[in-house]
Every structure is written in C-alpha cells, then in structure tokens.
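Reading through the structure tokens given below for one structure.
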C-alpha cells in the first residue's frame, strides 16, 4: 500500500472521528437540555418570575435573581463597553507598532483566558476593600467589567482591522481628519464585528458566578435591589442555591431558572450571530 493510500485512509478516519465526536457532544447536550425542560418547564409562570425567594419551594420565585442579573448587565455594559471600544480604537488606529505595543497586545489576549476566580480576588481587594464598595452591585459590575474588557478590546481591534484601508484613504483624500475618519467611516463599517464581540462578552458575564461569590454576592436576598450600592444575587447563584438542596421541589425550581438563563444566553448569542452575518454580507458587498 502506497503512502498516498495510507494518508487517504488516515484522513477519512479522522473525518469520521470528528463527525462522531461532534454528534456525540450534540446528543449529550440535547439530552441534558431535554432533561432540564422536562423537569422545569411546567414550573415557569408569572408567579415564578415575580415572586421573591422563599423557604417554601412552591412559593419561591426569581424576582431578585433576574433583576440582579439585569442590574449587573446594565452596569457592566456602562463601564466596560466605552472603555473596551476606546482601548481597541486606540491600539489599532493610534498606537505605534513597536515592541511595547506588541507586549501589550499579547498580554491583553492572554488576559481573556485568565480564570474568572482570579478576577474575583482582584475585585475583592480593589473594589471591595480598598474602595469600600463591599458586596454591592457596583463592585460586582466593576469586577465583571475587568473580566470582559479583554474580549471587547480584542473584538474591537479585529473588527477595525478588517475594514479595508481604501476606506481610510478615501476619507483622508476628501480632507477628513483622523478622528472624523474613525467616527464617521471606520466605526460604522466595523459596527457589526464590534457589537458581536460586545454581546458575546456580556453573554459570558451573565453566566459567571465565581467572581461574584468571591466579592460577597449573596445566595439569598429577600428584597429587590434599587440602587448600585445594594446587595444582590444573580441567576447562577440562585440556581446553585436551589440545586444544592436535597428537596425535589427546589431542584425543579433550579431547572426552571436554568431554562430562563439559557433563553437569555441563547438570545444574546443569536443576536451576535445575526449581527456578524449581516456585517459580513455588507463587507463582502
């Protein structure tokens, strides 16, 4: 048997092994999601969404959890998006290409892979203790902003890098300044990629639990947060609190909360995919 035939056999075997692994992963995912739907779908109703937590499973709701998640996402967006996009613009359009810039770029990319628990420890020391924010919503938002900033910066840079240089040259040729070119031409052209990175970063933030546990977020909050300095809980922590109890009714509540969190996450990722495809079609055109 020739080397060419052996290589073809190996290539075919690797192809089918990859297909098998892919379908195995999808089958397991479908099994897990199906089991969660069977357990928790019937529990989802208006009372479940609007009731406060309770020691009685049939009366317990996720009002404090989803409002806390909404607070965290809103505050994190306000903090992280302007900083991340501005940093990406500076590094790509204004920063000089030298060794220091390369060092910064490599470290920003590496920060995107740092375990989230380390960001929680950093947030606890800086925001919780040094700035005396304690276990407030604001401390949680600052901590999650640190977590997703590298993702937004990298996504912004890649989106700006994909804009053709001819667009910049045409703008300069019409007498526009550098900032006018960036604001009026480059950013609109790269908006799909930037928004995709932002939404994917927020999708990661919405499911994070470890950093919030470290800074002191509570598993049980009997009131709805009304200001950034209030204590809070979020959906993942409420789910953890329920599924760690032995009573079956609380496990059902946890499954229902997981379904709602999955819907939020899938919706955000779906929006990101739509924006990416729309942006790619516009660029190809």
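The values are calculated or read from the model by the stated rules, or taken from the named source; none is laboratory data. No experiment lies behind these values; they were computed from the predicted model shown. Note: ideal-geometry Cβ built from the backbone for every residue, glycine included; neighbour counts use all protein chains shown.
State whether one or more residues within the range 32-46 are more than 30 Å from residue 154 (Cβ to Cβ), out of contact with any strand residue (DSSP E or B) (no Cβ under 9 Å at 6 or more places or on another chain) and not in a helix (DSSP H, G or I).
Scanning the range 32-46 turns up at least one residue that is more than 30 Å from residue 154 (Cβ to Cβ), out of contact with any strand residue (DSSP E or B) (no Cβ under 9 Å at 6 or more places or on another chain) and not in a helix (DSSP H, G or I).
I'm told residue 238 meets every condition in (1) in a loop (DSSP other than H, G, I, E, B); (2) within 27 Å of residue 267 (Cα to Cα) except one. Can you identify the failing condition by its number?
Answer for residue 238: the failing condition is (1).
Check whether at least one residue in the range 183-201 is surrounded by fewer than 18 Cβ atoms within 10 Å (Cβ to Cβ) and over 26 Å from residue 109 (Cα atoms), and report yes or no.
Yes, that holds for at least one residue.
What is the number of the single condition among (1) at pLDDT 90 or above; (2) in the same structural domain as residue 248 (by TED's automatic domain parsing) that residue 30 does not meet?
Of (1) at pLDDT 90 or above; (2) in the same structural domain as residue 248 (by TED's automatic domain parsing), only one is false for residue 30: (2).
From (1) more than 27 Å from the chain's Cα centre (by Cα); (2) farther than 30 Å from residue 227 by Cβ, pick out the condition that doesn't hold for residue 54.
So the condition that residue 54 fails would be (2).
Assuming residue 87 fulfils every condition listed in (1) over 30 Å from residue 180 (Cβ atoms); (2) in contact with a helix residue (DSSP H, G or I) (Cβ under 8 Å, 6 or more places away or on another chain) apart from one, which condition is it?
Condition not satisfied by residue 87: (1).
Could you say whether any residue in the range 245-257 is touching a helix residue (DSSP H, G or I) at 6+ places or on another chain (Cβ under 7 Å), more than 21 Å from residue 58 (Cα to Cα) and surrounded by fewer than 19 Cβ atoms within 10 Å (Cβ to Cβ)?
The initial filter retains those residues of the range 245-257 that are touching a helix residue (DSSP H, G or I) at 6+ places or on another chain (Cβ under 7 Å), namely 247, 249-257.
Applying the additional criterion that residues be more than 21 Å from residue 58 (Cα to Cα) yields none.
Checked the range 245-257: no residue is touching a helix residue (DSSP H, G or I) at 6+ places or on another chain (Cβ under 7 Å), more than 21 Å from residue 58 (Cα to Cα) and surrounded by fewer than 19 Cβ atoms within 10 Å (Cβ to Cβ).
Of all the residues that make up the range 53-91, how many are buried (at least 20 other Cβ atoms within 10 Å of the Cβ) and free of Cβ contacts under 8 Å to residues at least 24 places away in the same chain?
1
Of the residues 201, 217, 205, 272, only one is over 26 Å from residue 42 (Cα atoms), in contact with a helix residue (DSSP H, G or I) (Cβ under 9 Å, 6 or more places away or on another chain), in the same structural domain as residue 80 (by TED's automatic domain parsing) and in a loop (DSSP other than H, G, I, E, B); which?
Working: 201 fails: in a loop (DSSP other than H, G, I, E, B); 205 fails: in a loop (DSSP other than H, G, I, E, B); 272 fails: in a loop (DSSP other than H, G, I, E, B).
When all the criteria are applied, what remains is 217.
Mind listing whichever residues of the range 241-269 are touching a residue at least 40 places away in the same chain (Cβ under 8 Å) and not in a helix (DSSP H, G or I)?
Once the filter is applied, which keeps residues that are touching a residue at least 40 places away in the same chain (Cβ under 8 Å) and not in a helix (DSSP H, G or I), the range 241-269 yields only 247.
Inside the range 258-272, can you point out the residues that are at pLDDT below 90, farther than 22 Å from residue 213 by Cβ and surrounded by 13 or more Cβ atoms within 10 Å (Cβ to Cβ)?
The answer is 268, 269, 271, 272.
Of the residues 100, 122, which single one is surrounded by fewer than 20 Cβ atoms within 10 Å (Cβ to Cβ), in the same structural domain as residue 205 (by TED's automatic domain parsing) and under 13 Å from residue 214 (Cβ atoms)? Before the answer, list the steps.
Numbers: 100 fails: under 13 Å from residue 214 (Cβ atoms).
From the options 100, 122, the qualifying one is 122.
With the structure loaded, tell me whether residue 228 is at negative phi, in contact with a helix residue (DSSP H, G or I) (Cβ under 7 Å, 6 or more places away or on another chain), touching a residue at least 40 places away in the same chain (Cβ under 8 Å) and assigned to a loop (DSSP other than H, G, I, E, B) or whether it fails that test.
Numbers: at negative phi: yes; in contact with a helix residue (DSSP H, G or I) (Cβ under 7 Å, 6 or more places away or on another chain): yes; touching a residue at least 40 places away in the same chain (Cβ under 8 Å): yes; assigned to a loop (DSSP other than H, G, I, E, B): yes.
The answer is yes for residue 228.
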